[in-house]
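Written below as structure tokens is the structure these notes are about.
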Amino acid sequence: MMLARTMMRRVAAACKKGVRNGTPSTTRTINTQMDDSYPILISPSLVSLDLPDIWPTNSSPNEFRSTCRCSNEQTAAIIDGKSIAGEIMSRIACEVWRMKESIGRVPGLAVIMVGQRRDSQTYVRNKIKACEETGIKSSMTELHGNCKEDEVVNVLSRFNADPSIHGILLQLPLPQHLDEEKILDVMSLEKDVDGFHPLNIGNLAMRGRQPLFIPCTPKGCIELLMRSGVEIMGKKAVVIGRSNIVGLPTSLLLQRHHATVSIVHAFTKNPEQITCEADIVVTAAGVPNLVRGNWLKPGAVVIDVGTNPIEDPSCEFGYRLTGDVCYEEAVRVASAVTPVPGGVGPMTIAMLLSNTLDSAKRAYDFT
Ligand SMILES: NC(=O)c1ccc[n+]([C@@H]2O[C@H](COP(=O)([O-])OP(=O)(O)OC[C@H]3O[C@@H](n4cnc5c(N)ncnc54)[C@H](OP(=O)(O)O)[C@@H]3O)[C@@H](O)[C@H]2O)c1
């Protein structure tokens, strides 16, 4: 509580002074393309409904080389997700402060965790910490791994009815004995800041419709592309993975931005041939080093969502995290790559807070 207050005071002071986060960097990194006049929270439209339906003329097939090559030197810029997320979070903190000053309210996020998975505990801890840093109120409920479905539903229903809570996060996956689908159906659509509700996904998929929330990791991937100045419209994109939480919504979002999207999954034959044609590759397979340098077209932009623990006794917890992309090879072929960790992960949290802030603004009719 003390920490949150101190943070808020600092943020308030920073907001008043208009202080922005500095970005120390020693390597060639992409952190943002925005100048001070750019309204970061009013991000470039993540859903392309606002975009005019003007389609670029087809690129010449010669533009795309089907053979891939690796050079010995790093060609890729590193997309610094941690820094971009930090910048978004400081803007969120300013908005939260402005809301508190104007109407005496702050956004509230409820987090529900069932069981004691170590990875889930880490994710939840990071999300709560991010709430504290931005002044968003968080409320954490931990349930025993053996709890009954009714108990989870009761907690969800309580938060559904609580007007000080604007976003509810049910940390997935749930223990196997619980019916995830049934429980998620109870979640209020207006508080589904993860954007997993079928209506949100359905609206994302349909032209002319607006979801209330866009799932955080896919939204973070598109933000990274847009803030790094990567043009999506008319480009060939490949998404590796088709899960409900990452692959599928990412492919829908890229399509909304007028990319031509191919989806690679576990049954895809010759995935490297398909991937090799892409200008943009987003990979979320959960398979370490799946994407090798020779899977990439020279100059491609690579967003690596994969977060895979690899045993490593030299690391503090006996493991380290690695992505789906063979990073050392990719940096010699691609034009830009996200690192793991420090790429998509921090953006997921920033987008969660951004969705929670949007939800609170909607609830209080605060602009
Ligand atoms: N950074 C973040 O914030 C964040 C957030 C969420 C997830 N993640 C990470 O992203 C990765 C994916 O997560 P998820 O929840 O989407 O996983 P998931 O539900 O297990 O889905 C994996 C997808 O990858 C496909 N796949 C598996 N092996 C493949 C292969 N060899 N070639 C091509 N496709 C393959 C699967 O195809 P089928 O559909 O055919 O089985 C499936 O669609 C994980 O490493 C996870 O930790 C990171």
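The values are calculated or read from the model by the stated rules, or taken from the named source; none is laboratory data. Nothing here was measured: the structure is a model prediction, and the numbers come from that model. Cβ: placed from backbone, ideal geometry, glycine included. Neighbour counts: every protein chain shown.
Residue under question is P339, and the condition is that it be near the ligand (Cβ under 10 Å from one of its atoms) and touching a residue at least 40 places away in the same chain (Cβ under 8 Å); does it hold? In short, no. Among the criteria (1) small (G, A, S); (2) modelled with pLDDT under 95; (3) surrounded by 20 or more Cβ atoms within 10 Å (Cβ to Cβ), the one A76 does not fulfil is (2).
Looking at G135, G167, just one residue is at positive phi and crowded, with 23+ Cβ neighbours inside 10 Å, and that residue is G135.
T275 meets each of the listed conditions (1) among the hydroxyl-bearing types (S, T, Y); (2) within 12 Å of the ligand (Cβ to nearest atom); (3) modelled with pLDDT under 95 apart from (3). Test of understanding: among L296, L290, L248, which residue is more than 9 Å from the ligand (Cβ to nearest atom), out of contact with any His (no Cβ under 7 Å at 6 or more places or on another chain) and modelled with pLDDT of 95 or more? On inspection, the qualifying residue turns out to be L296.
Considering segment 299-316, the residues that are at pLDDT 95 or above, outside any strand (DSSP E or B) and within 16 Å of the ligand (Cβ to nearest atom) include one that is surrounded by the fewest Cβ atoms within 10 Å (Cβ to Cβ), namely G306. Quick check: anything in segment 353-366 modelled with pLDDT of 95 or more, part of a helix (DSSP H, G or I) and within 19 Å of A278 (Cα to Cα)? No, segment 353-366 has no match at all. Just for segment 183-237: of the residues that are assigned to a helix (DSSP H, G or I) and of a type in the set (S, T, N, Q), which one is surrounded by the fewest Cβ atoms within 10 Å (Cβ to Cβ)? The extreme case among them is N203. The condition (being within 16 Å of the ligand (Cβ to nearest atom) and of a type in the set (G, A, S)) is satisfied by just one residue among G208, G229, G241, G234: G241.
What do you reckon, is C221 within 16 Å of the ligand (Cβ to nearest atom) and either on the phi < 0 side of the Ramachandran plot or over 17 Å from the mean Cα position of the chain (by Cα) (or both)? Yes, satisfied.
Test V261 against the criterion of being within 14 Å of the ligand (Cβ to nearest atom) and crowded, with 19+ Cβ neighbours inside 10 Å, and give yes or no. No, not satisfied.
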